[in-house]
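Encoded as structure tokens, the structure appears first; notes follow it.
Please treat every number below as a calculation from the coordinates, not as lab data. Here the structure is a predicted model, which means the values were calculated and not measured. Virtual Cβ from ideal backbone geometry, glycine too; neighbours counted across all protein chains shown.
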Amino acid sequence: MKLRYVAFATAMSLGMLTSPLTLAGLNDGLMAHYPFDGNAQDAGPNGNHGAVEGATLTADRFGKANSAYRFDGKDDSIVVPSSASLHPADRLSFAFWMKIEGITNTWSPIIFKGSSKWTNNGMYREYTVWLSKQLTLYLTSAGNQSAQQVLKSSAVKGGEWFFYAAVIDRRHHSIKVYINGRLDQEMADSYSSFKKNNNNLVFGGRGEGIADFSPLKGVLDDIRFYKRALSVKEIKELYTEKPPVVEPPVVEPPVVKPPVVEPSVVEPPPVVEPSVVEPPPVV
């Protein structure tokens with residue numbers, strides 16, 4: 001039940017699916033979009049489709065069935081193969097909806113674009129988001145061929161849907177994190193580029209796989225990536241998106257043609273010639 005970046009032109013048998021969310025501009029710079037409506041396909045322009053490894057479909061924040069993915073905290077993940085279109089140049093924005101159902105260790109990766117090789121300074125993490133035991137989220141991103149930058153969010157509530165958005169703007173040297181449409185944390189960022197890697201993009205999983213990391217336990221939905229900086233207005237618009245409306249089709253009433261009634265032909269009465277009565281003879 002999400003925003004579509006490619007307009008629906010196909011009418012459903014019961015009506016046309018529409019969204020009140022304004023689409024203008026929100027497909028600009030789109031790298032990938034995962035609405036999770038029944039699958040892990042990329043609804044964006046680049047075809048960065050995900051392969052589901054154990055995660056199961058569940059209801060989204062609107063209650064629509066099979067429109068989000070649940071991760072069991074054991075071994076579930078969704079893997080998107082590495083692609084040049086997943087590398088930002090100097091700006092990256094991404095956003096997602098999440099409901100936390102627990103954490104079994106110190107850290108759980110939510111979004112992970114990094115290496116299986118662990119380093120203390122995170123220099124192989126192009127961009128990642130982690131859930132901590134304290135239910136805070138950590139955004140990390142390496143740049144300029146150097147160590148990662150780290151920005152910690154405020155704590156969120158478990159068992160409830162929340163909206164997370166991040167904007168890494170290395171053109172203007174800032175990193176910002178938003179929770180439920182509002183600016184939560186920000187920091188200066190001295191880097192001017194991202195440290196690219198050829199590793200897969202993973203939702204869930206175990207990151208570098210060390211002992212402190214456990215697979216994600218919770219529900220993810222509506223993940224979006226942009227190669228530009230989203231504005232505050234755009235982030236609020238994504239957060240306040242309403243469920244799409246199924247409009248009934250316009251049904252033209254059938255045209256009923258009146259039956260063609262041939263007029264009945266009434267034969268005129270026969271012409272009766274008057275009888276000729278001869279007069280009596282004259283006597």
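What separates the Cα centres of the stretch 184-232 and the stretch 132-159 is a distance of 9 Å. Extension gain for A84 to A51 (0.36 nm times residue separation, less C-alpha to C-alpha distance): 10.1 nm. With the simple model of a label 7 Å out from the Cα in the direction of the Cβ, N39 to R171 spans 3.4 nm. Here is the list for the stretch 36-85: trypsin sites (Lys or Arg not before Pro) lying in DSSP coil, each with at most 11 other C-beta atoms within 10 angstrom of its C-beta, are K74. For S154, put the label point 7 Å out on the Cα→Cβ axis and report which residues of the stretch 181-213 keep their amide N under 18 Å from it. Output list for this probe position: 181-187. Computed from backbone phi, the HN-Hα couplings of the stretch 103-119 come to 8, 9, 8, 6, 9, 9, x, 9, 10, 9, 10, x, 10, 6, 8, 8, 9 Hz, rounded to whole numbers (Karplus: 6.51 cos²θ - 1.76 cosθ + 1.60, θ = phi - 60°; Gly and Pro given as x).
Neighbour counts of other Cβ atoms within 10 Å put S116, S174 in the fewest-to-most order S116, S174.
With a 10 Å radius around each residue's Cβ, average the other Cβ atoms per peptide and rank 160-172, 43-55, 216-228, highest first.
Final packing ranking: 216-228, 160-172, 43-55.
Neighbours of N105, meaning other residues whose beta-carbon lies under 12 angstrom from its beta-carbon, give a summed charge of +3 when Lys and Arg score +1 and Asp and Glu score -1.
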